[in-house]
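Worksheet: the structure to be examined is printed underneath.
The values are calculated or read from the model by the stated rules, or taken from the named source; none is laboratory data. As the structure is a computational prediction, the values presented were derived from the model and not from experiment. Cβ coordinates were reconstructed from backbone atoms using ideal geometry, including for glycine residues, and neighbour counts include every protein chain displayed.
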Amino acid sequence: MMNCKEASQLMSQELDRKLSWREAITLKLHVSLCDGCANARKQVNFIHQACKHAFELNEEKK
Amino acid sequence: MTIDTSVLNALRPDMTRFAYLLLRDQHAVEDVIQETMLTAIEKQDGFKNKSSLKTWLFSILRNKTIDALRRGKREVNISTLSNDEDDSFEEVLFNHHGAWNLETKPNAWSNPDASFEQKQFWSVFDACLNHLPAQTSRIFMMREFLEFEVEDICKELSLTTSNCWVILHRARTKLRLCLDTKWFSGQGFQASRS
Ligand SMILES: [Zn+2]
């Protein structure tokens, strides 16, 4: 079973590379059962979005 | 069309913020801004109204910043990377089973997207970025702001891919904790009833 430490590494890596099918499913399963990791993942994704918004170039880029 | 220099100057604060986050050296930042301005004025015929002036200017700034990073590469001491931070951050966050410690288990942030509209949020965000160790922040910025692929960052800095992933993970974790303390915990968070 994947633990929180491994899950938090993968939720960062999923922003940098395509996870394998197995990694993606295991992460999904873990996050669906773990509040802490579900929140951590939302926070990491929020930071990723914030970087896109930081200079307000995102809408114009499309 | 002719670009009004006062329009360029109005974009200067944002350009300075951007370049500073990457270069962290006021002198290098001023050089890059000046080069960007000169290039913009010189190549203004290449500016088509299709894209906004800011987008166009930032694409020049992006390239000038990458050049400056490459020029300064000799000064980048890769060995400081490992000293930037050790791996102890994970020991603080997780117990020996790899589960969150009670105090470090992430809470939900309430309505985070609303923060994008708040000026104050962005100064906290910048402060958190500037608070990262220099090399960690540079790699994070190359990934998120300059949109380099991880493979290219590794090549550029002679790091292994897994090394890069670890550094990016650390950067995101640090930012998460910083925003949590400096921004979201002060919001009077209430547990959502979902
Ligand atoms: Zn977990």
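Considering only region B:1-32, state which residues are within 14 Å of chain A (Cβ to nearest Cβ) and of a type in the set (A, V, I, L, M).
The answer is B:10, B:11, B:15, B:19, B:21, B:22.
Quick one: which residue in B:126, B:113, B:180, B:152 is more than 11 Å from every other protein chain (Cβ to nearest Cβ) and charged (D, E, K, R)?
After applying the criteria, what remains is B:152.
Restricting attention to region B:142-149, does a residue exist that is in contact with a Cys (Cβ under 9 Å, 6 or more places away or on another chain), on the phi < 0 side of the Ramachandran plot and free of Cβ contacts under 8 Å to residues at least 40 places away in the same chain?
Yes; the residues of region B:142-149 include at least one that is in contact with a Cys (Cβ under 9 Å, 6 or more places away or on another chain), on the phi < 0 side of the Ramachandran plot and free of Cβ contacts under 8 Å to residues at least 40 places away in the same chain.
Is there any pair with a first residue in region A:12-37 that is within 12 Å of another protein chain (Cβ to nearest Cβ) and a second that is assigned to a loop (DSSP other than H, G, I, E, B) and within 15 Å of the ligand (Cβ to nearest atom) whose Cβ atoms are under 6 Å apart and which are 6 or more apart or on different chains, and what are they?
A:30/A:2; A:36/B:105; A:36/B:106
Do you know which residues across region A:1-60 are surrounded by fewer than 20 Cβ atoms within 10 Å (Cβ to Cβ), among the small types (Gly, Ala, Ser) and more than 11 Å from the ligand (Cβ to nearest atom)?
Matches in region A:1-60: A:20, A:24.
Restricting the first residue to region B:49-76 and requiring it to be under 18 Å from residue B:145 (Cα atoms) and modelled with pLDDT of 90 or more, which pairs with a second residue that is among the polar types (S, T, N, Q) and part of a helix (DSSP H, G or I) meet a Cβ separation below 7 Å and a spacing of at least six or different chains?
The qualifying pairs are B:57/B:36; B:60/B:36; B:60/B:39; B:61/B:36; B:64/B:36.
Of the conditions (1) touching a Phe, Trp or Tyr at 6+ places or on another chain (Cβ under 8 Å); (2) at pLDDT below 55; (3) among the aliphatic types (A, V, I, L, M), residue B:108 fails just one. Which one is it?
Going through (1) touching a Phe, Trp or Tyr at 6+ places or on another chain (Cβ under 8 Å); (2) at pLDDT below 55; (3) among the aliphatic types (A, V, I, L, M) one by one, residue B:108 breaks only (2).
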